[in-house]
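These notes are about the structure you will find just below.
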Amino acid sequence: MTGSLRGRLGLPYLGETLAIVNRPYDFARRRYERYGAASQTRFMGKRAALLLGKEAQELVLTTDPLTFPARPGYEFFIPILGESLLLQDGPVHSAQRRAVAPALHSRNYPAYLDRMNAAIDRVLATWGARGQRRFHRDALEIAFRMACSLVVGLEVGDDFGTLSRNWITLLHGLPTPFRLNIPGTTWGRALAARQRVDRLLLQIIATRRQQPDEDMLSLLVAERTADGRPLSDVDILAHTRMLLFAAYDTTSGVMSWILAELLRHPDALRRVEDELVNAAPLTFEALRTTPYTDAAIKETLRLHPVGPVLTRGVLHDVEFAGTIIPAGWVVLLIPPFTGRMPEYFARPDTFDPERFLPPREEDKAHRYAYVGFGAGAHTCLGANIAPFEVKVMLARLLRRFDLDLVPGQNLQPRYLPAARPASGTRIRYRQKASFSGRGNGAL
Ligand code: HEM
């Protein structure tokens, strides 16, 4: 017996969008208690099925992408990001993904490591010997500097300044529901910024075609499609925008969350320090064999996934949990809820990296309950490089400073414009007496 989905739809166009993106866990918990794994709502102007639990995540993320295509779910990105991987499905997506993947392969990390170090040190150099900071601001700058350096090879200078200013203005457009191109409005400014970003990126693409560098853009320029053709400027531009976008808010969010979690769990901090601080020198090889820190990053993403909602379209009717999800709707997955379900994770609200290590390996016992980097056709292409960036950041920070959390701050999640602790992770820091301050050599 299959029935229709139950649940209220909310306001006429907006539906329950604000409740879903601002308080995804609370919203999903109420729905789960009342309706179980499947219910209906309205999201960004579309009828939506809210699907909860590991079976839902497996069904939606791993079924043939032509049943649950990504494009209808993420159409609202198109004016900001253009046509890139998250907006593509089927054979076009597979071909473009094959072309982008080599730029993110781990064989490139040794070359990327120096650029990561430089991006972090540039930010840490502004801190002085002791003080207090809202770390999330630094995390945003570190992540942006890393992304610019790794993706397009910009670290300093006028072009870096232009890209940085316009990129921030462009991203401010993303959450605004008022999308009329009127100069001076958030949306109008975002569209103007996109034109300036595109002009600059096209210039850099032209330069890299003549003179390759050690950045991802140069690898995209060198890439050939299955029939031997180079990627077009339009494709490279879209992928470059997508890589900059994917590497910014996500990585900075994880950096802020993991620092907050480690500083309030001293035992976990000590074990991360054993791998990243006490094991010198900090080489590419040393950073690859850090099982506890890798588990701590997963645990951070289980508790605080950077994307609170993953969404897809529905191309034909699908049956799930005794109901029919109609064609033409979108489906919504809420990883912050499913990742905390006690059916899958012991003491689910506790930060406990050991759950990802043998013998427990709770994620393996319940596949698809944890989807920190997604799953299936659109699995994050940065799933290896992003943890590597987080480890480089932690290593350089913890080798240089003693840190603690400013007491009494609000570490509840905030999702707009970017996922982060509400307080922005306020820290006190003091430079270690052992830090010689001679740049990379000291680390
Ligand atoms: C800790 C940081 C990061 C997290 C948590 C994260 C998470 C995710 C998730 C969950 C998805 C899948 C979205 C969906 O299925 O709807 C995704 C897609 C993607 N991510 Fe990441 N990401 C991170 C960092 C990065 C970085 C650093 C890059 C590249 C430099 C990157 C590149 C991508 C790309 C290209 C896609 C789209 C793949 C496709 O559609 O085929 N991500 N990411």
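The values are calculated or read from the model by the stated rules, or taken from the named source; none is laboratory data. Just so it is clear, the model here is predicted, and its values are computed rather than measured. All Cβ positions, glycine included, derive from the backbone under ideal geometry; neighbour counts span all protein chains shown.
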Among helices (runs of 4 or more DSSP H) completely within the stretch 199-265, the ones holding 3 or more residues that are closer than 19 Å to Arg420 by Cβ are 233-246, 249-263
Taking the stretch 357-409 and the residues there that are of a type in the set (Phe, Trp, Tyr) and within 15 Å of the ligand (Cβ to nearest atom), the one that is surrounded by the most Cβ atoms within 10 Å (Cβ to Cβ) would be Tyr370
> Quick one: would you say Leu154 is over 23 Å from the mean Cα position of the chain (by Cα) and assigned to a loop (DSSP other than H, G, I, E, B)?
Replying inline: no
Considering residues that are away from the ligand (no atom under 13 Å from the Cβ) and either of a type in the set (Ser, Thr, Tyr) or out of contact with any helix residue (DSSP H, G or I) (no Cβ under 6 Å at 6 or more places or on another chain) (or both), the number found within the stretch 64-74 is 2
Restricted to the stretch 43-63 and to residues being within 21 Å of the chain's Cα centre (by Cα) and within 19 Å of Pro91 (Cβ to Cβ), the residue nearest to the ligand (Cβ to nearest atom) is Leu61
Among helices (runs of 4 or more DSSP H) completely within the stretch 46-139, the ones holding 1 or more residues that are in contact with a Lys or Arg (Cβ under 6 Å, 6 or more places away or on another chain) are 54-62, 71-74, 78-81, 109-124
Being within 27 Å of Ala418 (Cβ to Cβ), touching a residue at least 40 places away in the same chain (Cβ under 8 Å) and exposed (fewer than 14 other Cβ atoms within 10 Å of the Cβ) is the requirement here; does Ser4 meet it? no
message = Is it the case, given these coordinates, that Ala193 is assigned to a helix (DSSP H, G or I), among the small types (Gly, Ala, Ser) and more than 16 Å from the ligand (Cβ to nearest atom)?
response = yes
Any residue at all in the stretch 275-282 that's assigned to a helix (DSSP H, G or I), surrounded by fewer than 22 Cβ atoms within 10 Å (Cβ to Cβ), on the phi < 0 side of the Ramachandran plot and among the aliphatic types (A, V, I, L, M)? no
Checked pairs for the stretch 365-379, first on the phi > 0 side of the Ramachandran plot and of a type in the set (S, T, N, Q), second surrounded by fewer than 18 Cβ atoms within 10 Å (Cβ to Cβ) and modelled with pLDDT under 95, C-beta under 8 Å and 6 or more apart or across chains, list as none
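Residue-wise test of (1) under 30 Å from Leu113 (Cβ atoms); (2) away from the ligand (no atom under 12 Å from the Cβ).
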| residue | (1), (2) |
| --- | --- |
| Thr290 | yes, yes |
| Ile297 | yes, no |
| Thr323 | no, yes |
| Gly328 | no, yes |
| Pro348 | no, yes |
Taking the stretch 299-321 and keeping residues charged (D, E, K, R), touching a strand residue (DSSP E or B) at 6+ places or on another chain (Cβ under 8 Å) and either outside any strand (DSSP E or B) or under 23 Å from Leu113 (Cβ atoms) (or both) leaves Asp317
